[in-house]
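Written out below as structure tokens is the structure these notes cover.
Coordinate-derived values only; no laboratory data. The structure presented is a predicted model; accordingly, all values stated were derived computationally and were not measured. Reconstructed Cβ throughout: ideal geometry from the backbone, glycine too, with neighbour counts over all protein chains shown.
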Amino acid sequence: MASTLAPGSSLDRHAPDQRQGLIFVGTMAALMWVVEILDAIAFNLDQYGIEPRDVDGLPGIAFAPFLHAGFGHLIGNTIPFLFLGAVIAVGGLARVALVTAIIAVIGGLGTWLVAPEGSVTIGASGIVFGYATYLLTRGLFSRSLWHLGVGLVVLLVYGTTLLFGLVPTPGVSWQGHFFGGVGGIVAARWIHARRPARSAA
């Protein structure tokens with residue numbers, strides 16, 4: 001038997017916000033592709049990534065997730081970015097935007113501080129790692145069975161990738177992966193940790 005939602009119901013109110021969250025994730029992914037196409041055509045945009053301990057390289061914290069070392073690199077990041085981002089976007093635009101911002105700042109600053117001198121870090125894999133660790137750990141803070149279940153699925157699908165992504169490999173920024181992952185845990189705690197109830201004296 002079909003059923004309809006009454007106007008103003010909880011699901012009815014949350015649907016537009018979920019759509020906006022999904023649009024946010026999709027727009028970020030689309031921008032990555034536009035930037036890579038421009039880079040391939042004529043522009044040397046990869047130079048604007050994160051340059052460690054160089055003040056002029058700090059803007060790379062914002063630019064790096066949209067820059068990639070070729071379409072193979074971009075495809076490898078796009079698929080998990082869209083999948084994990086969409087799961088987070090179910091919580092709404094504000095949720096996915098805040099999680100993304102926390103991961104980008106912590107992941108970018110950590111990479112800027114400890115990556116090898118003379119390197120330039122680019123790619124959305126730090127955001128991907130942060131999304132994964134956010135989904136893995138948020139249930140520990142929220143105590144939600146739903147969140148714990150989603151975290152288990154993420155662990156089964158991406159657990160091996162997360163581990164191998166932290167192994168130092170020439171040409172791959174394990175620092176970006178590591179600090180992006182740290183950013184995801186920080187975001188999970190910040191957003192979902194239960195605050196003690198206050199009582200009036």
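Quick notes
- Nearest-ten-degree value, helix 125-142 long axis tilted from longest Cα axis of the chain: 30
- For segment 22-125: rounded, prolate or oblate by the Cα gyration tensor [a/c cutoff 1.5]: oblate
- Remark: the chain carries a charge dipole of roughly 1140 debye about the Cα centre, counting +1 on each Lys and Arg Cβ and -1 on each Asp and Glu Cβ.
- For the chain: relative contact order, % (alpha-carbon pairs under 8 angstrom, 6 or more apart): 23
- Radius of gyration (Cα atoms) of the chain, expressed as a multiple of 2.2 N^0.38 Å: 1.11.
- For segment 101-159, the square roots of the Cα gyration tensor eigenvalues, ordered a ≥ b ≥ c, give a/c of at least 1.5 with a/b greater than b/c, which places it in the prolate category.
- The packing ranking of peptides 46-53, 34-41, highest mean first, is 46-53, 34-41, where packing means the average number of other beta carbon atoms within 10 angstrom of each residue.
- For the chain, the longest principal axis of the Cα atoms and the long axis of helix 145-165 meet at an angle of about 10 degrees.
- Taking Cα atoms only, the orientation of helix 10-41 departs from the longest principal axis of the chain by about 10 degrees.
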